[in-house]
Amino acid sequence: MNLRHSDNGSNLAATLLESVSAGERDVLNERTFRRMISIERKRTERSRKPFLLMLLDTGNCQDSKKNGKALDKILSALLASTRETDVTGWYKDQGTIGILFTELAIDDKNSILGTILTKVSTTLQDNLTFEQFNQISVSFHIFPDDWDDEISGRPSNPTLYPDLVSRDSARRFLNVTKRMMDIVGSAIALMICAPLFLIIALAIKASSQGPVFFRQQRVGQYGKRFTFLKFRSMHVDNDFSVHKQYVTQFIAGQAERNPSNGNRSGAYKLTNDTRITRAGALLRRKSLDELPQFLNVLKGDMSLVGPRPAIPYEVAAYQTWHRRRVLEVKPGITGMWQVNGRNRVKFDDMVRLDLRYAKSWSPWLDIKILMRTPRAVLTGEGAY
């Protein structure tokens, strides 16, 4: 056996709960089991009790009638040797069996994994021939998953998010439509704003020393990093620790609002920031510093509409449920947060707006948000 260890009405009911019975418990079909993984992720976000997804790739055990009987014995044995609260089903129909060990108290992860592996190995050896046993591989995946920011590409474990893959496949036509809107919209915006780019560049150069553009690593969809562009609005070589401290407090719900543009309610934003240049203050107030992000949209790292792209140290301070804002949709220049109060909104409420957008997204919703954005920019609501 190969082991891979990764930390990383009635008709309706019949459709949703279609399964293969094994004793008093059921083996869920692929669609239902993958739905259960999504539900368990959300349960863990609330309870903060991790779950373990164990996958058994059955190899060729299902290729013949004899092996098919062996597969039935495996399923029956696994159901008999796991808790009633654990969930068993097909992660890949007739190919990979999955078991969700729910609400674990993981103090010693290696000890728990070793215990489960030993129990599963014994069960399989008792029900399979040596040849069949060697065709099976087992992998473990714990949620919340540890995001490895040092690797290239996606740091999150895609095995734990099969529902997002299925959703993207179902939305393929809409996703292509959104991408075409992004390409056309950003190209037109860049052509229209070309003269403004020159004026802003001259103003930045005249007000302070340093490059015209500010480049920073941001976190995109699925946690992938990309180089984020803005017009530079701060002095070079400034200390970002003040911002990091305030953002960490803001995410934790401990930040106070600061006075902003005469608005008595204030904003969840650092104001009177000495790092900002004279030209930068005007650019920020009118959101003109955001214009280079149309290049990010054209490249495909961002969309015209979506959540605000996060800085890595912001993501490091996220609660588990906050991560969904960077998993479920591509970041954007504008979005529900930007047109619904912006920096006057608490962080948890901002995340809820982002998740509402991800759930209800449509081309028409993007158009409505884009139409509301100029007013938010001109009035400067919540901007600083």
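Points worth noting:
- Cα-based convex hull, the range 175-245, per residue volume (Å³, whole number): 110 Å³
- Packing, as the average of other Cβ atoms within 10 Å across residues, places the peptides 280-292, 122-134 in the order 280-292, 122-134, highest first.
- Ranked packing of 183-190, 194-201, most packed first, by mean Cβ within 10 Å: 183-190, 194-201
- Label separation (residue 180 vs residue 371): 2.0 nm, computed from points 7 Å beyond Cα along the C-beta direction.
- Among the listed pairs 330/368; 109/359; 299/368; 42/224; 49/119, a Cα-Cα separation exceeding 26 Å is found for 109/359.
- Nitroxide proxy distance, nm - points 7 Å out along Cα→Cβ at residue 109 and residue 171: 2.9 nm
- The phi-based Karplus calculation (6.51 cos²θ - 1.76 cosθ + 1.60; θ = phi - 60°) puts the 3J(HN,Hα) values of the range 285-291 at 4, 9, 6, 6, 5, 7, 4 Hz, whole numbers, x for Gly and Pro.
- Convex hull of Cα atoms in the range 171-379, direction-averaged projection (nm²): 11.2 nm²
- A simple spin-label model places the labels of residue 278 and residue 352 4.4 nm from each other, with each point 7 Å out along Cα-to-Cβ.
- Ranked packing of 293-304, 231-242, 82-93, most packed first, by mean Cβ within 10 Å: 293-304, 82-93, 231-242
- Working from Cα pairs under 8 Å separated by at least six residues, relative contact order for the range 148-226 is 42 percent.
- The Cα atoms of the range 100-196 give a gyration tensor whose axes a ≥ b ≥ c have a/c of 1.5 or more with a/b greater than b/c, which makes the shape prolate.
- Using R0 = 30 Å, the C-beta based FRET efficiency linking residue 38 and residue 137 works out to 0.80.
- Using the Cβ-Cβ distance between residue 227 and residue 130 with R0 = 41 Å, the FRET efficiency computed as 1/(1 + (r/R0)^6) comes to roughly 0.20.
- Length-normalised contact order of the range 171-379 in % [C-alpha pairs under 8 Å, at least 6 apart]: 24 percent
- Fully extended contour minus Cα-Cα distance, from residue 190 to residue 254, at 0.36 nm per residue: 19.2 nm
Throughout, read-outs are computed from the coordinates displayed, never taken from laboratory work. Because the structure is a prediction, the values reported are computed rather than measured. Heads up, the Cβs are rebuilt from the backbone with ideal geometry, glycines too, and the neighbour counts pull from every protein chain shown.
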